[in-house]
Amino acid sequence: MRLAELSARSGVSTATIKYYLREGLLHPGRRVTATQAEYDEEHLRRLRLVRAMIQVGRIPVNSAREVLAALGDDELGPGERLGTAVWALPHGPAPDEADPATESARHTADALLDRMGWARDKAERTERGPAYGMLVTAIVTLTRLGYPCAVDDLAPYARAVEQIAVSDLDVVERYATPDEQVEAAVALTVLYEPVLLSLRRLAEAEESIRRFGGA
């Protein structure tokens, strides 16, 4: 397909596609003349992923480039590529190691992961990347503000998101090839987070009505 068709099918303007090409976020097309190139379904799939990250997820171009580099690393297996790509996505703040509360929060996080059977040792937890640090930071904040954050308080949330993870990967497995699966996993990580947030708020509204009444 030519650039105009790629634009029409992806919903991305030709000017933006050219920008992505210049930034190395999209592979060049097959040159057919001095001024024209042809693109294929792989370009369309990659363009949808880039659009999900940059236009929807508001991920900086440099971060998107890191994600795409991880996805294209053929020396890594599919699981490793996915882990590396997700780590490259923007995350919340890392734990402040100078804060005395961090060590206590880390113990709570470790105890929660032990209960759930996630990441069998501390080395594995470190290898899980920024998500573990985000959890520690969140526990520090909850503790400082006086809100419940013991293992018993957090375990129901962990059990709920464990089932969400199953659903996520069920969707990913609908895609035919390992490359498509890894790309879909990254795109859905970005695109489904607003879905999860909105559904949580809707569910809380319904549960509040059930418990406390109201219109």
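Which of rounded, prolate, oblate describes the stretch 74-215, given a ≥ b ≥ c as roots of the alpha-carbon gyration tensor eigenvalues and a/c under 1.5 marking rounded, otherwise prolate only if a/b is larger than b/c?
In terms of gyration-tensor shape, oblate.
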Item to complete: Quick one: grab Rg to one decimal and Dmax as a whole number for the stretch 1-133, Cα atoms only, in Å.
Response: 19.8, 64
Worksheet entry | Nearest-20 debye value, the chain charge dipole, Cβ charges on Lys, Arg, Asp, Glu | 860 debye
Response to the item:
The size of the Cβ-based charge dipole (Lys, Arg +1; Asp, Glu -1) of the stretch 162-215 about the Cα centre, to the nearest 20 debye, is 440 debye
Worksheet item: Out of residues 5 or more away from residue 129 or on other chains, whose amide H comes under 5 Å of its own, with H placed 1.01 Å from N in the peptide plane?
Response: none
Fill in: At most 15 other Cβ within 10 Å, DSSP loop - trypsin sites (Lys or Arg not before Pro), the stretch 11-58
58
Worksheet item: Relative to the Cα centre, what is the charge dipole magnitude of the stretch 20-146, using +1 at the beta carbon of each Lys and Arg, -1 at the beta carbon of each Asp and Glu, and rounding to the nearest 20 debye?
Response: 520 debye
Discussion item. Give me the extension gain from residue 56 to residue 170: residue separation times 0.36 nm, minus the current Cα-Cα distance, reported in nm with one decimal.
Written reply: 38.8 nm
Worksheet entry | Dipole-positive endmost among 195, 7, 148 within the chain (Cβ charges, Cα centre) | 7
Discussion item. Defining a contact as two alpha carbons under 8 Å apart and six or more residues distant in sequence, what relative contact order in percent does the stretch 74-204 show?
Written reply: 28 percent
Worksheet item: Around residue 38, which amide H atoms from residues at least 5 apart in sequence, or from another chain, sit under 5 Å from its own amide H, with H modelled in the peptide plane?
Response: 30, 31, 32
Worksheet item: Is the stretch 133-199 best put as rounded, prolate or oblate by its Cα gyration tensor, with a ≥ b ≥ c the root eigenvalues, rounded for a/c under 1.5, and otherwise prolate when a/b is larger than b/c, oblate when not?
Response: prolate
Worksheet item: Once phi is turned into θ = phi - 60°, what whole-Hz ³J(HN,Hα) does the Karplus curve with 6.51, -1.76 and 1.60 give for every residue of the stretch 14-26, x standing for Gly and Pro?
Response: 4, 4, 5, 4, 4, 5, 4, 5, 5, 7, x, 7, 9
Worksheet item: Just from its helices, what would the mean residue ellipticity at 222 nm be for the chain, if runs of 4 or more DSSP H residues each count -39500 (n - 2.57) and the sum is divided by every residue, rounded to the nearest 500 deg cm²/dmol?
Response: -22000 deg cm²/dmol
Worksheet item: Can you give the longest stretch of the chain with no exposed loop site, where a site means GluC sites (Glu not before Pro) in a DSSP loop (not H, G, I, E or B) with at most 16 other C-beta atoms within 10 Å?
Response: 98-172
Discussion item. Using a Förster radius of 22 Å, what is the FRET efficiency between residue 41 and residue 14 based on their Cβ-Cβ separation? Nearest 0.05, please.
Written reply: 0.75
Fill in: the stretch 183-197 - phi-based ³J(HN,Hα) in whole Hz, Karplus 6.51/-1.76/1.60, Gly and Pro as x
4, 5, 4, 5, 4, 6, 4, 6, 7, 8, 4, x, 4, 4, 5
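Report the trypsin sites (Lys or Arg not before Pro) located in the stretch 160-202 that are in a DSSP loop and have at most 14 other Cβ atoms inside 10 Å of their Cβ, or state none.
In loop regions of the stretch 160-202 (DSSP not H, G, I, E or B), the sparsely surrounded trypsin sites (Lys or Arg not before Pro) are 174.
Tally Lys/Arg at +1 and Asp/Glu at -1 over every other residue whose Cβ is under 12 Å from the Cβ of residue 32; what's the total?
+2
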Worksheet entry | Accessible-area composition of the chain, carbon plus sulfur, in percent [1.4 Å probe] | 56 percent
Discussion item. Among 25, 205, 55, which residue has its Cα furthest toward the positive end of the charge dipole of the chain, with +1 on Lys/Arg Cβ and -1 on Asp/Glu Cβ?
Written reply: 55
Item to complete: Compare 87, 118 by solvent-accessible area with a 1.4 Å probe and give them largest first, with all protein chains kept in place.
Response: 87, 118
Discussion item. What are the ³J(HN,Hα) couplings of the stretch 38-43, residue after residue, when phi is run through the Karplus curve with 6.51, -1.76, 1.60 and θ = phi - 60°? Round to Hz, x for glycine and proline.
Written reply: 10, 10, 10, 5, 5, 4
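The values are calculated or read from the model by the stated rules, or taken from the named source; none is laboratory data. It should be emphasised that the depicted structure is a prediction, and the values quoted were computed from it without experimental measurement. As a convention, Cβ positions derive from the backbone with ideal geometry for all residues, glycine included, and neighbour counts pool all protein chains shown. The area values use the complete protein model at the heavy-atom level, side chains included, leaving out ligands, DNA and RNA. Shrake-Rupley method; radii C 1.70, N 1.55, O 1.52, S 1.80 Å.
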